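To start, the structure under review is shown below, and the notes come after it.
The values are calculated or read from the model by the stated rules, or taken from the named source; none is laboratory data. This structure is a prediction, so every number in the text was calculated from the model and none was measured. Cβ coordinates were reconstructed from backbone atoms using ideal geometry, including for glycine residues, and neighbour counts include every protein chain displayed. Each accessible area value is taken on the protein alone, full model and side chains, heavy atoms only, with ligands, DNA and RNA left out. Shrake-Rupley method; radii C 1.70, N 1.55, O 1.52, S 1.80 Å.
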Amino acid sequence: MAGRSGRDAPNGNNFDSSRRRFLGSSGLAAIGVVIGGAMPLSRNGGGIPRAHAQAAPAAAPPSAAAPAPAKGPQYLKFPGKHEGLVVLGEKPLVAETPESLLDDDTTPIEKFYIRNNGQIPEETKDPDAWKITIDGEVNNRIEITVGELKSKYKAVTRRMVLECGGNGRSGFSPPARGNQWTNGGAGCAEWTGVPLADLLRKAGLKPSAKYTAHYAADLHLSGDANKPSLSRGVRLEKAMDPNTMIVWAMNGKPLPNIHGGPVRLIVPGWSGSASQKWLTRITIRDREHDGPGMTEFSYRTPIKPMVPGGKGDPANFRILESMPVRSIITNPANGAKFAAGTKELKLRGASWAGDLTVKQVDVSTDFGASWQRATLEKPKNKYDWQRWTATLKLPSDGYFEIWARATDSKGAMQPHQAGFWNPQGYGGNAMHRIAVLVG
Ligand SMILES: Nc1nc2c(c(=O)[nH]1)N[C@H]1C(S)=C(S)[C@@H](COP(=O)(O)O)O[C@H]1N2
Ligand SMILES: [Mo]
């Protein structure tokens, strides 16, 4: 099944020596938060993924001289990237951003997560000469260079969340197949480009037009030029949404190669896999796309809930579209230690909800027995995340867990545990929990 092989394969510990290319020796020093030694979170019915505690910056990073330990976070070493990013897989390269590094209103490029399914292409020398084709169920096929796109269409800039479809996967029990994301397969950047709808209107959609198919320049992991590494698509309605864009700039800078430069799609609110990097072609289809990433259990979730760990019947699955509501605590970091007598903690966080907005964020210091409402900001524009703050009073010194949960504009709240298990672990949006120690 082309749609599955080579993608989302377990990344366990089967790394070879080439992984060292991307693995850093430190991560701790670069993180500007108060942290001490590793502090385990209390376990609660499997609600807290093991990887969570390990991914916390409080864990000791491997030293440069010592061989990499078999377990524990592996920090990323990649040009232009922050040393606190955690490598989830090396072939293909996948790295997530610990929640505490998502504390900026706009995620800086250096902290933005990386997700590849295939080989990373070489950086193009002439970005403006890069060609994009629009064909299929259109009246006029379009072939346009990035240079023409910039000069002939009206550019817009929007701050929008990009989130991997598998974000939160490590919360599933039994473990689901694929990169074990905690909450760090997400970021919120300023994207500049043109709405895809402007090009589709120019091309003229035929009445038969129903779905997009996205193609790109990255080679399949195997190196086979005839096999796309990933080719996803969306319903026409989403393609025509003015927030779905072809972008060439990120945070005001030319889109970096690692993030799909010179040009990529941004399909906000939906599984990040629809946001094709290194975009070369969009073919309009008269039916749902069936490229790699569209079939069987890839980016598809059960229609009728299935037994956790069960086999799953592909006929009971449909394409994952909007992502579920999520909130993260971005400060303090998991494992933070505070001086004895600290009575008040100031929290900062972020929340978002796929196609929806966030209505409310609550925090708890007593394992969910009582909740306190956080102050929630408005999004800058549609698909922006919503920052939140809260001031917590602590009854005494000691070990506390801080839990955060968001509720979306339709009233759906994050669950205590990742639910609706599926083989490749989509939709895991359990409440974020951190541990802190006072005194
Ligand atoms: N061409 C191409 N586009 C791609 C991918 C890929 O492997 N190849 N990965 C997708 C997935 S699964 C995600 S989550 C996002 C990640 O984008 P980022 O690496 O810029 O964070 O890109 C998407 N676009
Ligand atoms: Mo993804």
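List of remarks:
- Neighbours of VAL263 by Cβ distance under 15 Å: Lys/Arg scored +1, Asp/Glu scored -1, total +1.
- Under 17 Å from the Cα of LYS343 - lysines, other chains or at least 8 residues apart: LYS393
- Share of carbon and sulfur in the accessible heavy-atom surface of segment 86-319 [1.4 Å probe, %]: 49 percent
- Paramagnetic label zone (point 7 Å from Cα along Cα-to-C-beta, GLU296; backbone N under 20 Å) in segment 189-229: 220-229
- Using the Karplus relation 6.51 cos²θ - 1.76 cosθ + 1.60 with θ = phi - 60°, the per-residue 3J(HN,Hα) values for segment 333-342 come to 7, 4, x, 5, 10, 10, 4, 3, x, 5 Hz, with x marking Gly and Pro.
- Computed from backbone phi with θ = phi - 60° and the Karplus coefficients 6.51, -1.76 and 1.60, the 3J(HN,Hα) list for segment 127-134 is x, 5, 8, 4, 9, 10, 10, 10 Hz; x is used for glycine and proline.
- Neighbour net charge for SER208 - beta-carbon separation under 13 angstrom, K R +1, D E -1: +2
- Of the trypsin sites (Lys or Arg not before Pro) in segment 390-439, those whose Cβ has at most 13 other Cβ within 10 Å and which sit in DSSP loop: LYS410
- Rounded to whole numbers, the Karplus 3J(HN,Hα) couplings from phi for segment 426-438 are 9, x, x, 9, 4, 3, 7, 10, 10, 10, 10, 10, 10 Hz, using 6.51 cos²θ - 1.76 cosθ + 1.60 with θ = phi - 60°, and x at Gly and Pro.
- Computed E for ASP104/SER396 - FRET, C-beta separation, R0 45 angstrom, nearest 0.05: 0.85
- Net charge of Cβ neighbours under 9 Å - reference ILE109; Lys, Arg +1; Asp, Glu -1: +2
- Selection from VAL325, ALA374, PHE338 lying farthest towards where the dipole of segment 278-388 points positive, charges on Cβ: PHE338
- Residue (of ASN257, ALA315, ILE303) at the positive-pole extreme of segment 238-323, dipole from beta-carbon charges: ASN257
- Taken about its Cα centre, segment 114-191 carries a charge dipole of about 300 debye when Lys and Arg each add +1 at the Cβ and Asp and Glu each add -1 at the Cβ.
- Summarising the amide proton neighbourhood of ASN429: residues at separation of 5 or more, or on other chains, whose placed amide H is nearer than 5 Å comprise GLY419.
- Shown for segment 336-439: the carbon plus sulfur share of the solvent-accessible area, taken with all protein chains present and a 1.4 angstrom probe, equals 55%.
- Around the amide H of GLY185, modelled in the peptide plane, lie the amide H atoms of THR97, GLY168, all under 5 Å away and 5 or more residues distant in sequence or on another chain.
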